Amino acid sequence: MIGAGLVGALEQLCLRRWNDQDIRDDLSELVELLQTELQVMSTFDVYRGEVLSGALSWTPAHKDETFWRENNEKLERNNLEVLRCLARSLHESQDPVVLSVACHDLGMFIKHHERGRQ
């Protein structure tokens, strides 16, 4: 769902001015259900997959303080694999969303790391 861009596509559809109230209601319900499911799925593995794919977007894990507190140490696993991918995104991407998400995530890592603010 995340990799296919379903969240973004639904959000864009919700921004359109639909004449049919049923369409607006259905889209709102789909977004709400998807957000609920994504909150349940906001695990480190989903986040890691997104980072490794290089297709960063503002999915729920990026904004969830609890996610960062609980998963901060996992960012250092596998020879800093996820952190290296975030840094690579900063160097290689031209997409402003990818750049802002990568900066944000690196900041959240620093904020929640035991030695991050020393």
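Observations, loosely collected:
- Compared with the alpha-carbon gap, the fully stretched path from ASN78 to SER28 is longer by 14.0 nm at 0.36 nm per residue.
- Here r is the Cβ-Cβ distance between THR43 and ASN19 and R0 is 30 Å; the resulting FRET efficiency, rounded to 0.05, is 0.15.
- Share of carbon and sulfur in the accessible heavy-atom surface of the chain [1.4 Å probe, %]: 51
- Among LEU83, ALA9, PRO96 the positive-end extreme of the charge dipole of the chain (Cβ point charges): LEU83
- Dipole in debye (nearest 20) - region 14-71, about Cα centre, beta carbon charges: Lys, Arg +1; Asp, Glu -1: 320
- Dipole magnitude for the chain: about 620 debye, using +1 per Lys or Arg Cβ and -1 per Asp or Glu Cβ, origin at the Cα centre.
- Under Karplus coefficients 6.51, -1.76 and 1.60, residue-wise ³J(HN,Hα) of region 44-58 in Hz, glycine/proline x: 4, 5, 5, 4, 4, x, 5, 5, 5, 6, x, 9, 6, 8, 7
- Basic side chains Lys and Arg get +1 at the Cβ, acidic Asp and Glu get -1 at the Cβ, and with that the dipole of region 78-118 about its Cα centre reaches some 200 debye.
- Solvent exposure of TRP18, expressed as accessible area, is near 70 Å², computed with a probe of 1.4 Å over the protein chains only.
- The chain - Rg over Rh from alpha carbon coordinates, Kirkwood radius: 1.04
- Over region 33-85, accessible surface divided per residue gives 56 Å², non-protein components excluded, 1.4 Å probe.
- The string of couplings for region 77-91 from the Karplus curve (6.51, -1.76, 1.60, θ = phi - 60°) is 5, 6, 6, 6, 3, 5, 4, 5, 5, 4, 5, 4, 4, 5, 7 Hz, one whole number per residue in order, with x for Gly and Pro.
- HN-Hα J in Hz across region 64-73 - Karplus 6.51, -1.76, 1.60, θ = phi - 60°, x for Gly and Pro: 8, 4, 4, 4, 5, 5, 7, 10, 4, 5
The values are calculated or read from the model by the stated rules, or taken from the named source; none is laboratory data. All values reported here derive from a predicted model rather than from experimental measurement. Neighbour counts run over all protein chains shown; Cβ positions are idealised from the backbone, glycine included. The accessibility values were calculated without ligands, DNA or RNA, using every heavy atom of the protein model including side chains. Shrake-Rupley method; radii C 1.70, N 1.55, O 1.52, S 1.80 Å.
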